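Engineer: Have a look at this one.
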Amino acid sequence: MPTTMTFAGLDVHARSTHVAALEVASGELKRIRFGPGSEEVIAWLAALPQPVHGCYEAGPTGFALYRAAEQAGLRLDVVAPSKTPRATGDRIKSDRKDAELLCRLLMAGQLKPVTVPAPAVEAARHLARAREQVRVDLMRCRHRVSKLLLLHGRVYPERSTWTQAHRRWLSRQRFEQPASELAYLDCLAAVDGLVARKQELDERLSRLALEGEWWPTVARLRCFRGIDTLSALVLCLEIGDWQRFARPAQLASWLGLVPSLDQSGESRLQGSITKTGSSYARRLLVEAAWHYLREPRIGVTLRNRQQGQPAHVLQIAWRAQHRLYRLQRRLRERRKPSNVATVAVARELACFLWAAAVAP
């Protein structure tokens, strides 16, 4: 591999890009500011002494600049901002200083690149996250309806809510004041609209899982209790290439399911989980972990999902049921809080899913 002649750090924003480039041969540091867009930035980097190695921090600007540099034959890394070393005593921050800091840290090899997804994976990820946003909006709208009724002293008599019977009960509610009636009907219409949007997105994502390149891995993940088509697809999209993790512990660490650690001398203190990586994937794993409170068994639904899958994958899923059930019981017998036990199960569930995904 040819020796890098120029290192460049870029501080990228929506309307500006600051670049600091350091030529190795002369030691000259060049700085320049560009407006929005990537064409001028790529042209300026291409005019520097080659080969060029640049970087910028991952953020809301996405990977457009990375892909433009890749098409131009330039090496441009996207680095994790949470892992960028910064001096705690530095109280002066500017885009220009940030670009120079990235340049010098890149030259020293102190930055951690992130995995850039393929355009098809990123597009499917956008669709999956849109469904998650609709789910959150639906939950909030339902809360507004129930709290508006509670303000008027109306409570649904049954425990199960948002069923067809509950929806019929909601449609029969009337208010004396016209303003209250309009507010209630608006909230109820918002709920109905979000339910329809969520169903449409569920259908499209299910079709994407069946017809896309992710189906072989999705089919394996569906063999586990608590993981169905949509959850398996989202895990594949959020994690990306399972093979990039050499060990399952690396996946658990990437998902932020490992405890934080503060160690100094003889003192060693473990805190809450780190919560790094994808919060969406972490939430799905924690929700799936609740299914392992029940004793191990294979019901009709799970048996149908497991049909046609390799025997060694089914053995991994069966071992997961036994181990995670024992882990839940052991932690609860030690009077661990339920959320602590569930997160511990989610961490080991992620390791079992990795074993099934990478198995030959």
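The values are calculated or read from the model by the stated rules, or taken from the named source; none is laboratory data. Note that this is a predicted model, so its numbers are computed, not measured. In this analysis, Cβ positions are derived from the backbone assuming ideal geometry, glycine residues included, and neighbour counts consider all displayed protein chains. Ligands, DNA and RNA are excluded from the accessible area calculation, which covers all protein heavy atoms including side chains. Shrake-Rupley method; radii C 1.70, N 1.55, O 1.52, S 1.80 Å.
Engineer: Based on what the data block shows, is residue 331 without any contact (Cβ under 8 Å) to a residue 24 or more places away in the chain and not in a loop (DSSP other than H, G, I, E, B)?
Structural biologist: yes
Engineer: While we're on this one: Yes or no: the stretch 200-209 includes at least one residue that is out of contact with any helix residue (DSSP H, G or I) (no Cβ under 8 Å at 6 or more places or on another chain) and not in a helix (DSSP H, G or I).
Structural biologist: Scanning the stretch 200-209 turns up no residue that is out of contact with any helix residue (DSSP H, G or I) (no Cβ under 8 Å at 6 or more places or on another chain) and not in a helix (DSSP H, G or I).
Engineer: Among the residues in the stretch 70-85, are any over 21 Å from residue 116 (Cα atoms) and either charged (D, E, K, R) or touching a strand residue (DSSP E or B) at 6+ places or on another chain (Cβ under 8 Å) (or both)?
Structural biologist: no
Engineer: Kindly indicate which of 305, 282, 334 is of a type outside the set (Phe, Trp, Tyr) and open to solvent by 70 Å² or more (accessible area, probe 1.4 Å).
Structural biologist: Result: 334 is the single residue among 305, 282, 334 that is of a type outside the set (Phe, Trp, Tyr) and open to solvent by 70 Å² or more (accessible area, probe 1.4 Å).
Engineer: Right, another one. For residue 243, work out the one condition from (1) without any contact (Cβ under 8 Å) to a residue 60 or more places away in the chain; (2) not in a loop (DSSP other than H, G, I, E, B) it doesn't fulfil.
Structural biologist: So residue 243 meets the others, but not (1).
Engineer: Residue check, residue 106 against (1) in a helix (DSSP H, G or I); (2) open to solvent by 30 Å² or more (accessible area, probe 1.4 Å); (3) more than 29 Å from residue 198 (Cα to Cα), all met but one. Which one?
Structural biologist: The single condition residue 106 does not satisfy is (2).
Conditions tested, residue by residue: (1) assigned to a loop (DSSP other than H, G, I, E, B); (2) free of Cβ contacts under 8 Å to residues at least 60 places away in the same chain; (3) open to solvent by 30 Å² or more (accessible area, probe 1.4 Å).
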site	(1), (2), (3)
21	no, no, no
25	yes, yes, yes
50	yes, yes, yes
53	no, yes, no
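Engineer: Run residue 257 past the list (1) part of a loop (DSSP other than H, G, I, E, B); (2) open to solvent by 30 Å² or more (accessible area, probe 1.4 Å) and report the number of the one that doesn't hold.
Structural biologist: (2)
Engineer: Let me ask something additional. If the requirement is being in contact (Cβ under 8 Å) with a residue 12 or more places away in the chain and either aliphatic (A, V, I, L, M) or surrounded by fewer than 16 Cβ atoms within 10 Å (Cβ to Cβ) (or both), which of these qualifies: 196, 190?
Structural biologist: Working: 196 fails: in contact (Cβ under 8 Å) with a residue 12 or more places away in the chain.
Testing whether each residue is in contact (Cβ under 8 Å) with a residue 12 or more places away in the chain and either aliphatic (A, V, I, L, M) or surrounded by fewer than 16 Cβ atoms within 10 Å (Cβ to Cβ) (or both) leaves just 190.
Engineer: Every residue in the stretch 68-90 that is within 20 Å of residue 37 (Cβ to Cβ), under 26 Å from the mean Cα position of the chain (by Cα) and surrounded by fewer than 16 Cβ atoms within 10 Å (Cβ to Cβ), please.
Structural biologist: Passing the criteria: only 70.
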